[in-house]
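*Asks:* My structure is below; once you've seen it, I'll send some questions.
The values are calculated or read from the model by the stated rules, or taken from the named source; none is laboratory data. Small disclaimer: the values here were computed from a predicted structure and weren't measured. Glycine also receives a Cβ, built like all others from the backbone with ideal geometry; neighbour counts cover every protein chain displayed.
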Amino acid sequence: MKRIIFALFIILTLTGCKKERTDRVVVTFWHAMGGPLGRALDQLIDEFNSMQDSIYVNSISMGNYNALSQKIMASILARKTPTIAQVYESWTTSLARSGAIQPIEDFVKKDSAFKKQLEDFFPVFIRDNTYDSVLYTLPFNKSVTAYFYNVDMFKRKGIDRFPETYSELLEVSKKLTSGDTLATAFSVTVGMFEQLLYAFGGRLLDENRNPVFDSEAGIKALKYLQDMLYKYHVAHLTTGYQHQDEFLAGRVAYVMGTSVSYAFIMRQKPTFTLGMAPMPHEVRKVCFIMGTNIAIFRRAGEKEKRAAWTFIKWFTSPEIQARWALATGYVPVRRSAVNLPEVQKRFKEVPGLEDVWAQLDYAITEPVLPGWFIGRKLLSQLSLEPALRGRMDVEEVLRRGKLEVARALKQD
C-alpha cells in the first residue's frame, strides 16, 4: 500500500510539473551550438527558464550550421518555423526579402527603455544587423580574429612581443623557423585572406557590389601567404584544426584563430605560456567579426514573439553578456559589459585578451549579400586553393575567381 501511495505521489508530482511547463508560452529556439559552447548556452537558458513563470525557452541544437540552414529553409516551406534561431548575415538578407523574419526594430519601437540601450551596443554589431536601414536581427555569438603564440618559444629566439605589422611578422617567422619547428601552420581559409586583403588596403567588393579582390592589395595578400609556404618555408598547410594540434605540440610557434579558440586551447593544458595578440596591420588596422545573429520568425504566434523578445533582451543584457563571454570566449556585444569587475579581472589574468577585444572598435564584417554565401566558396575553390596548394600564379587565379564570384552575386 505504501508503494502504491508513493507511486501515485510521483505520478501526480510529475503531472503537476508538466502542467506548469505547458502553461508557459514556449519559445522554440533553433541553434547550432554543441560541446562546451552548447552546454554554456543551455545553462544560461535553464537559468532564464527558472526565473520565469510564464515563459519557457526550448533549446534545440541542430548540430551544425549547414543542418540549421537546411532546417530553417524547410520550416519556411512547411510554414512551421521556430520562434527564434541563429542566422548568418547572408541568410538574413534572403529571410528578410522573403518576409520570413520580423524586424527586431518592430519590437524596439514599442520598447523605449531598450531603444536607449542600443547605444551601448558596439556600432559594428548594429551595422551588421541592419538591412536597408532596418534593424532586423541582434548579435548572438560573436568572436574576433586573433593570434595565439608560444611565449616561451618567442623568448628563446629573443622576441619579446607579437609583431604589430605583417612585414614584421614575416621577419619574425624567419627567426622562429629552425630544424623541425616552423613559425606557423594554417589551412586554406577565406578568413585569413580577407584579413590580409583589408590590412593591405584592399576590399572584397566595391560600392556597386562588384568583386575587387584581384586588386594590387589582393595580389599582395595572396602572394604573402604563398611566399610563407614556398619561398621562405616558414609555414605549411593543414586541414581542419590540425594547426592547433601542432601548436599545442610545440611544432609551430603561432597560429591564427578567434577569441573562442582561447578556451579550446586552454582545455588541452598547454605546457608553455600562451600569448594572445590582435591581428597585425599594414596599411590599416582591421579585424573581422565572426559568428551569428538571432532572428524572430514572423509566423510565430504573437505571444511567442513577445516572449522571445523578453529572452533576447535578457541574453543581451550587460551582466549576461559578460558571463557568456567569459564562459565561451565570444565577445560581449555591449560596451558596458567590458567594464564589469569580472571582465576586468579576466583581463588581468589573461594577457593580451583586452587588446584582442579592443579590436571591436575598428572591426568589420563580411558582405551581407545572399550571393556571398556561394561567392566565398568560389573564392576559396578557384583562387585560394589553386594558389596555396597548387602554387598557381596569384594574379591568374584571382582573376578567375573574380569572374565566377561576380556571376554568383548577380544571381541575388
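*Asks:* Just to confirm my filter: which strands (runs of 3 or more DSSP E) fall fully inside region 197-289 and include at least 1 residues that are touching an Asp or Glu at 6+ places or on another chain (Cβ under 9 Å) and more than 30 Å from residue 395 (Cα to Cα)?
*Replies:* Details: elements: 235-237, 252-258, 274-277.
Filter on region 197-289 gives 274-277.
*Asks:* Within region 95-124, which residues are among the small types (Gly, Ala, Ser) and without any contact (Cβ under 8 Å) to a residue 60 or more places away in the chain? I'd like the intermediate steps shown before the answer.
*Replies:* Within region 95-124, the first condition is being among the small types (Gly, Ala, Ser), and the residues that meet it are 96, 98-100, 112-113.
If the condition is that a residue be among the small types (Gly, Ala, Ser) and without any contact (Cβ under 8 Å) to a residue 60 or more places away in the chain, then 96, 98, 112, 113 are the ones that fit.
*Asks:* What number goes with the only condition from (1) closer than 22 Å to residue 29 by Cβ; (2) more than 19 Å from the chain's Cα centre (by Cα) that residue 91 does not pass?
*Replies:* Every condition holds for residue 91 apart from (2).
*Asks:* Take residue 113 and tell me if it is at pLDDT below 95 and within 24 Å of residue 303 (Cα to Cα). Spell out how you get there, then give the answer.
*Replies:* On the way: at pLDDT below 95: yes; within 24 Å of residue 303 (Cα to Cα): yes.
Yes, satisfied.
*Asks:* Then there is this: Can you confirm whether residue 74 is without any contact (Cβ under 8 Å) to a residue 12 or more places away in the chain and more than 20 Å from residue 307 (Cα to Cα)? Show your work before the answer.
*Replies:* Details: without any contact (Cβ under 8 Å) to a residue 12 or more places away in the chain: yes; more than 20 Å from residue 307 (Cα to Cα): yes.
When the stated conditions are applied, residue 74 passes them.
*Asks:* Continuing with the same structure: Mind checking which residues of region 338-388 are assigned to a loop (DSSP other than H, G, I, E, B) and either of a type outside the set (Phe, Trp, Tyr) or buried (at least 21 other Cβ atoms within 10 Å of the Cβ) (or both)? Please lay out each step first, then the result.
*Replies:* Step one: of region 338-388, the residues assigned to a loop (DSSP other than H, G, I, E, B) are 339-340, 350-352, 362, 365-370.
Matches in region 338-388: 339, 340, 350, 351, 352, 365, 366, 367, 368, 369, 370.
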